[in-house]
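Report on one structure; see the data block that follows.
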Amino acid sequence: ARLSALAPAYYGSCPVASARIGKCQAVAGLPRLRRYHRCPRTPCPGPGPVAMTNVYSLDGILVFGLLFVCTCAYFKKVPRLKTWLLSEKKGVWGVFYKAAVIGTRLHAAVAIACVVMAFYVLFIK
């Protein structure tokens, strides 16, 4: 069967695929909104350039680190949470202990970093 009858279902409004409908083969099983096809020469240009977003960003990692250190330092002050989370000093659970130590020993630097990061997130970003 010719693919010209199936062109709107597989290719949408792709001009390359519509012009080369006799030469292109539809990829079976893909949803209608995807514009993938197998052309011998030219790939589908799609709707235009798409802006990609980062999943991770440096400022997000810094905010997470600051909040983690502050939370673990708070856990060190609560007796029940201290025995539950901060009893191990090595291994995976040791990360909580080490963050609590950093938060208590460098409390001035952590507080300044939190204020700077809050200013950055609220006004600059």
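The values are calculated or read from the model by the stated rules, or taken from the named source; none is laboratory data. The model shown is predicted, which means the values in this text are computed figures rather than measured ones. All Cβ positions, glycine included, derive from the backbone under ideal geometry; neighbour counts span all protein chains shown. Quick note on the areas: whole protein, heavy atoms, side chains included, nothing else; ligands and nucleic acids left out. Shrake-Rupley method; radii C 1.70, N 1.55, O 1.52, S 1.80 Å.
General remarks:
- Net +/- balance of residues flanking T104 in space, Cβ distance below 10 Å, scoring K and R +1, D and E -1: +3
- About its Cα centre, segment 57-124 has a charge dipole of approximately 420 debye under the convention of +1 per Lys or Arg Cβ and -1 per Asp or Glu Cβ, with nothing else charged.
- Projecting the Cα atoms of I102, V63, L86 onto the charge dipole of segment 57-124, computed from C-beta unit charges around the Cα centre, puts L86 farthest toward the positive end.
- Residue-by-residue Karplus 3J(HN,Hα) for segment 64-74, coefficients 6.51, -1.76, 1.60, Hz, glycine and proline x: 4, x, 5, 5, 5, 5, 5, 5, 5, 5, 5
- Sorting 111-119, 62-70 by average packing, meaning the other beta carbons within 10 Å per residue, from highest down gives 62-70, 111-119.
- Per residue, the solvent-accessible area of segment 57-124 (1.4 Å probe, heavy atoms of protein chains only, all protein chains present) comes to 75 Å².
- Here K98 is the anchor, and the lysines within straight C-alpha reach of less than 26 Å, apart from those fewer than 8 places off in the same chain, are K76, K77, K82, K89, K90.
- Look at the alpha carbon pairs under 8 Å that are at least 6 residues apart: their mean separation over the length of segment 57-124 gives a relative contact order of 32 percent.
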